[in-house]
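Peer 1: The structure that follows is given in the form of structure tokens.
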Amino acid sequence: MIKVGIVGSTGYAGGELVRLLLQHKEVEIKWLYSQSYLGEDYHKIYGNFFKLLDKKCVGGDINKLADEVDLIFTATPQGYCSGIINEELLSKVKVIDLSADFRIKDLEIYKAWYNLDHKSPDYIGEAVYGLCEINREEIRETRILANPGCYTTASILSLYPLVKEKVVDLNSIVIDAKSGTSGAGRSSSVSTLFCEVNESIKAYGITNHRHTPEIEEQLSYGAGEDVLVNFTPHLVPMNRGILTTSYLNLLDNLNYSDIKGIYNKYYGNEFFIRLLDENVFPETRWVSSSNFVDINFKIDSRTNRVIVVSAIDNLIKGAAGQAVQNMNIMYGLKENEGLEQIPLFP
């Protein structure tokens, strides 16, 4: 059994980690860390766990709590994980971080986009970016796992094969993304109140959303050269889900079979990536509460562009589910262990 602790267990991503891991046959949850709810019964914070989980939230010294576990998940704001990473901790446990602290390799870019000085820069080179379907082999060996962001997962996975094969103009990429309100987290904010969100849709973070450099960095690794994107997220009045629609200029006159062949080359054997049938396009309700990524595309012969659409659940494949998938890889388990939930519908 893998013994795990979860820091930030009372946020939305932390709650989903608890739900998934509680059903994982190879995992024992040893403690749930939350300074905000210290000493409170977890099921009183999330009523869906009543009679299913009998644990109180703990706090205190992470290095001491690490003695009780093999793996720590940190579902925390930026700056926390980099503040606790040290050799003492890593001599005891592996860490899967759901924040951006170890996603971006360039310290100056991290500081510019997050307005934070990195607290453990010596470990950035060691950390592996946990996009499972792309970095699987590196994930197996790491002790620091940077779990990708939700927008980035949907964007990168949908575009990576085209960028890798260099069949698109790398300077033409425009990503239009839409997310449910759970992506903003559980903390109270006027901008995510029901009356502010219901019956409305809005763009935000225009030209400066924090996931932009993460998308660019990972796509650049795939292309072997710098990639620049326009990324615009939107908030829509639903609880969960992300839909991305991306526009890319084709370099040649490729047809449907050409592009489908590229996607099959990279994802044809992937359990969690579902390449939909021709002219069937992803919908967030088809992946709700699951770890699946649905992808499809359409070629616009009039403009010689390819339009790529993807859908994920932002809290599962975009956060907790991907973290569990990464854990399975790191510990040599079946990759879909604990993640075979059928999407909820309606």
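Peer 1: Tally Lys and Arg at +1 and Asp and Glu at -1 over the other residues with C-beta under 12 Å from the C-beta of PRO121: what net charge comes out?
Peer 2: -3
Peer 1: Out of (i) 31, 28, 18; (ii) 33, 22, 20; (iii) 41, 24, 17, which label holds the value of semi-axes √(5λ) of the Cα gyration tensor in Å that was computed here?
Peer 2: Computed from these coordinates, semi-axes √(5λ) of the Cα gyration tensor in Å corresponds to label (ii).
Peer 1: Loop-only trypsin sites (Lys or Arg not before Pro) in the range 4-55, please: DSSP not H, G, I, E or B, and at most 14 other Cβ atoms within 10 Å.
Peer 2: Numbers: sites: ARG19, LYS25, LYS30, LYS44, LYS51, LYS55; in loops: LYS25, LYS51, LYS55.
Passing both the DSSP loop test and the Cβ count: LYS25, LYS51.
Peer 1: Which loop-located GluC sites (Glu not before Pro) does the range 24-124 contain, where loop means any DSSP state but H, G, I, E or B and the Cβ has at most 15 other Cβ atoms within 10 Å?
Peer 2: Details: sites: GLU26, GLU28, GLU40, GLU68, GLU87, GLU88, GLU108; in loops: GLU26, GLU40.
Those that pass, being in a loop and sparsely packed, are GLU26, GLU40.
Peer 1: Are there GluC sites (Glu not before Pro) in the range 271-345 that DSSP marks as loop and that have at most 15 other Cβ atoms within 10 Å, and which are they?
Peer 2: GLU278, GLU283, GLU340
Peer 1: Now for a different question. Can you tally the net charge around PHE272? Count Lys and Arg as +1, Asp and Glu as -1, for every other residue whose Cβ sits under 15 Å from the Cβ of PHE272.
Peer 2: Working: positive: ARG136, ARG274, LYS317, LYS334; negative: GLU133, GLU270, ASP294, ASP313, GLU335, GLU337, GLU340.
With Lys, Arg at +1 and Asp, Glu at -1, the net is -3.
Peer 1: Let me ask something else. State the extension gain, in nm to one decimal, for the chain segment bounded by GLU270 and ASP54, taking 0.36 nm per residue of separation less the distance between their alpha-carbons.
Peer 2: Numbers: separation 216, 0.36 × 216 = 77.76 nm, distance 3.59 nm.
This chain segment gains 74.2 nm when fully extended.
Peer 1: So, counting K/R as plus one and D/E as minus one, what does the shell of residues with Cβ under 15 Å around ILE109 add up to?
Peer 2: Here the charged neighbours net out to -4.
Peer 1: Counting each DSSP H run of 4 or more residues in the chain as -39500 (n - 2.57), what helix-only mean residue ellipticity at 222 nm follows after dividing by all residues, to the nearest 500 deg cm²/dmol?
Peer 2: Working: 12 runs with 99 residues, N = 346.
It comes out at -8000 deg cm²/dmol, rounded to the nearest 500.
Peer 1: Now a separate question. Pop out the ³J(HN,Hα) list for the range 86-91 in order, Karplus 6.51 cos²θ - 1.76 cosθ + 1.60 with θ = phi - 60°, rounded to Hz; leave Gly and Pro as x.
Peer 2: Computed from phi, the couplings for the range 86-91 are 7, 5, 4, 5, 6, 6 Hz.
Peer 1: Next question, about the same structure. Taking LYS111 as the anchor, which lysines have their alpha carbon closer than 24 Å to its alpha carbon, excluding any fewer than eight residues away along the same chain?
Peer 2: Cross-link targets: LYS119.
Peer 1: What order do you get for 255-263, 193-201 when each peptide is scored by the mean count of other beta carbon atoms within 10 Å, highest first?
Peer 2: 255-263, 193-201
Peer 1: Next question, about the same structure. Please compute, for the alpha-carbon atoms of the range 151-313, the extent along each of the three principal axes and give them in descending order in Å.
Peer 2: Largest to smallest, the principal-axis extents are 47, 30, 29 Å.
Peer 1: Further, regarding this structure: Per-residue counts of other Cβ atoms within 10 Å, averaged by peptide: what ranking do you get for 127-135, 315-323, 265-273, 159-167, highest first?
Peer 2: Result, highest mean Cβ count within 10 Å first: 315-323, 127-135, 159-167, 265-273.
Peer 1: Continuing with the same structure: Which value in nm describes the separation of the simple spin-label points at GLU138 and ARG302, placed 7 Å from the Cα toward the beta carbon?
Peer 2: A separation of 4.1 nm, rounded to one decimal place.
Every number here is computed from the coordinates shown, using simple stated rules; none is lab data. Because the structure is predicted, anything quoted here is derived from the model rather than measured. Neighbour counts run over all protein chains shown; Cβ positions are idealised from the backbone, glycine included.
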